Amino acid sequence: MTDCSQSPPHRFYDADLLPPAPADSWRRWRVRLILWALVAAAFALALRYDVTLMQWRYAVWPEGPKGILKQIFYGFRDFAQVVPIVTALLIIARMDKRRWTIITTVLVAQLLGGLMYNTGKLTVLRYRPQEAVEQVESVDQLDQVHTWAGLACGNREHATQSFPSGHSAGAFALAGVLAWFYPRLAGIFWVLAVGCGVSRYADAVHWPSDVVAGAVIGYLGAWLALRPYVWTIPSRIVRRASGEV
């Protein structure tokens, strides 16, 4: 008879399943710097051409995507929303022995992403494209001045909560975690995340740079959730400075 009292306790984070702490090297940091420089360049370009790209969107879809294309965008938009996440977690809980590590990582990634993008929405006032277009007589008259409204603490107006895209952040946070645990399906998860971001632009509820910013936030949320050792860096720095280590 098995003695249940001897069963090992559940570990919410299993170090054997998560990315190990990498050895510091100049080569590794150089690669990281190059990649983040490319991301920064992509954001800068999106920011520069936000209005132009939105004018193009209105020229192609004056009233938004229609028919089957609209249904496709709707499907992408809901990736990483409550129902899909709960469904995915229930499947993982039932089918995967690594359930506690995966579920916890997904939830932590969403929490971190939510904290970051909500901080932006509550402090950076940016008109959503639909509201910006309403300020002008013709979309051709749209300019950067019609997109930004300054800074404020505790902004609650939906019309000025365009930056960053919360849907994109949630999508990339979920994709980042699932891609790590299910690498053979990684391509599918990233396509769904990118599709979610594109759908927000197609629906004219976010500017392209909002989507890029949200994607970065979501990726960072997943990256931090997968690497709990990163959270100890500040305390290690303090201990090292104080001579404890």
Of those in the stretch 36-58 that are open to solvent by less than 100 Å² (accessible area, probe 1.4 Å) and free of Cβ contacts under 8 Å to residues at least 60 places away in the same chain, the residue nearest to the chain's Cα centre (by Cα) is A40
Of all residues in the stretch 191-232, count the ones that are part of a loop (DSSP other than H, G, I, E, B), more than 27 Å from M54 (Cβ to Cβ) and modelled with pLDDT of 95 or more. 0
V82 is checked against (1) free of Cβ contacts under 8 Å to residues at least 24 places away in the same chain; (2) open to solvent by 70 Å² or more (accessible area, probe 1.4 Å); (3) more than 17 Å from the chain's Cα centre (by Cα) and fails just one. What number does that condition carry? (3)
Can you name every residue in the stretch 109-123 that is aliphatic (A, V, I, L, M) and open to solvent by less than 30 Å² (accessible area, probe 1.4 Å)? A109
Which condition breaks for K97 when tested against (1) part of a helix (DSSP H, G or I); (2) closer than 24 Å to F189 by Cα; (3) open to solvent by 40 Å² or more (accessible area, probe 1.4 Å)? (1)
For the stretch 68-108, enumerate the residues that are closer than 26 Å to L18 by Cβ and among the polar types (S, T, N, Q). Q81, T87, T101, T104, T105
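The values are calculated or read from the model by the stated rules, or taken from the named source; none is laboratory data. Owing to the predicted nature of the structure, the values given are computational and were not obtained by experimental measurement. All Cβ positions, even for glycine, are placed from backbone atoms using ideal geometry, and neighbour counts span all protein chains on display. Surface accessibility is based on the protein's heavy atoms, side chains included, excluding ligands, DNA and RNA. Shrake-Rupley method; radii C 1.70, N 1.55, O 1.52, S 1.80 Å.
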